[in-house]
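The block underneath contains the structure these notes are about, expressed in structure tokens.
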Amino acid sequence: MKAPQESAPLRTTFPRGPRRNTALIVARAQFRAGLPMVAYYWAIMFAVYALIMTVVLTVADTEVSIWATSGGSAPKYFLLAVGVMLTTVYLPMYIGNGVTRRDFALGASICIVAVAVVYAVTMTLGFAIEYAIYSAGDLFGGLEDPYPVRSLGDGMITLVEELLVGTVYLCCGWLLGTFFYRFGALVGIALIPVSVVPAVVTETMFDSLWLGLGINEGLGLEPPALPVGVLVAVASIAVAWLVNFALVRAVSIKKVSG
């Protein structure tokens, strides 16, 4: 997410007033700044998907959902990286322009939800588009497993699961970045496994590609019913967010030399 480059415009962007207004201003500023990067990423993803789809339809049999396999992990890692930048890159900039840590954390949280919604809607629409392609080409007969989204109900379930998965990856990335910023590189590296626990738990709840599916198959586990999975995912997100919120509220801003 590209942050404003000059301090003067930022000072006029964040006027004095109720904290909730400042938090909303932070959220809007972050979302507007980050939207082009998100759009570029998805443009590349769709181009790569179109290339893979063209090659597979031309020279091979279609045995799986290409959208699920090609987009199973990469977009989530992109969200993780976006989350890392929130504390390491943007927190000092906003604090330097008069925004409180609390307002930044609340505004960044709102932005996280907005970005996760974009991710979830895009992933779900990807399945809808691919379903139309497979139907037109009569390709369902060659699939090894049933297509993951075969009805409106499946689409709604996918939307909910992807929303929670996207949110947890953004929160885990944010927590990871906060660990590095507050405790330094060595401790941050040591805390990487702790940072990603909520994402691992959420993925296993929904049997998500590839991490959740791999863990469930490796341990012989079956994903729980959807309501249970949603509750566990929400709890995992809450834990990651609360820990990060507490750390951000108390973190010291490092002086930037130069």
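For the range 111-185, count all C-alpha to C-alpha pairs, find those more than 14 Å apart, and express that count as a whole percent of the total. Intermediate values should be presented prior to the final figure.
Values: 1878 of 2775 pairs.
Across the range 111-185, Cα pairs with separations above 14 Å total 68 percent.
In a solvent-free Debye calculation with one equal scatterer on each Cα, what is log10 I(q)/I(0) for the range 160-258 at q = 0.23 Å⁻¹, listed in the order of the q values?
Those come out to -1.11, one per q.
So how long is each side of the range 48-87 along the principal axes, counting just the alpha-carbon atoms, biggest first, in Å?
46, 16, 8
Which number comes out as Rg/Rh for the range 55-146 once both Rg and the Kirkwood Rh are worked out on C-alpha atoms? Write out the running numbers ahead of the final one.
On the way: Rg = 19.7 Å, Rh = 16.1 Å.
Rg divided by Rh gives 1.22.
Counting Lys and Arg as +1 and Asp and Glu as -1, each charge on the Cβ, what is the dipole of the chain about the Cα centre in debye, to the nearest 20?
2180
Positive end of the charge dipole of the range 90-207 (Lys, Arg +1 and Asp, Glu -1 on Cβ, about the Cα centre): tell me which of PHE127, GLY141, PHE183 has its Cα farthest that way.
Selected residue: PHE183.
Calculate how steeply helix 101-136 sits against the longest principal axis of the alpha-carbon atoms of the chain, using the helix alpha-carbon long axis, and give the answer as 0 to 90 degrees to the nearest 10.
It works out to around 20 degrees.
Over its Cα atoms, what ratio of radius of gyration to 2.2 N^0.38 Å does the range 190-230 give?
Details: Rg = 10.6 Å, N = 41, 2.2 N^0.38 = 9.0 Å.
Taking N as the residue count of the range 190-230, the ratio is 1.17.
In percent, what relative contact order does the chain have, based on Cα pairs under 8 Å that are 6 or more apart in sequence?
Values: 296 pairs, mean separation 57.0, N = 258.
Reported as a whole number, the value is 22 percent.
Which order do peptides 79-87, 38-46, 24-32 fall in by mean Cβ count within 10 Å, highest first? Display every interim value, and only then the final one.
On the way: 79-87: 22.7, 38-46: 14.8, 24-32: 18.8.
Highest to lowest by the protection proxy: 79-87, 24-32, 38-46.
Need one number: the % of Cα-Cα pairs in the range 70-222 sitting beyond the 28 Å mark. Before the final figure, lay out the partial values.
On the way: 3541 of 11628 pairs.
That fraction is 30 percent.
As a test of reading the structure, rank LEU176, LEU91 by solvent-accessible area (1.4 Å probe, protein chains only), most first. Could you put the intermediate results ahead of the total?
Numbers: LEU176 25, LEU91 0 Å².
From most accessible down to least: LEU176, LEU91.
Cβ neighbours within 10 Å, averaged per peptide: list 192-202, 216-226, 48-58 in order, most packed at the top.
Values: 192-202: 19.4, 216-226: 11.2, 48-58: 12.9.
Result, highest mean Cβ count within 10 Å first: 192-202, 48-58, 216-226.
Just name one of TYR41, ALA105, GLY155: the one whose Cα is farthest towards the positive end of the charge dipole of the chain (beta-carbon charges, Lys/Arg +1, Asp/Glu -1).
Of the candidates, ALA105 comes out farthest on the positive side.
What size of dipole, in debye to the nearest 20, comes out for the range 111-236 about its Cα centre when the only charges are +1 on Lys and Arg C-beta atoms and -1 on Asp and Glu C-beta atoms? Walk me through the numbers before you get to the answer.
On the way: 2 positive and 11 negative charges, 128 e Å.
So the magnitude is around 620 debye.
Considering all alpha-carbon pairs of the chain, what whole percent are spaced by more than 26 angstrom?
46
The values are calculated or read from the model by the stated rules, or taken from the named source; none is laboratory data. Being a predicted model, the structure only gives us computed values, none of them experimental. As a convention, Cβ positions derive from the backbone with ideal geometry for all residues, glycine included, and neighbour counts pool all protein chains shown. Accessible surface is based on the protein model in full, side chains and every heavy atom, while ligands, DNA and RNA are left aside. Shrake-Rupley method; radii C 1.70, N 1.55, O 1.52, S 1.80 Å.
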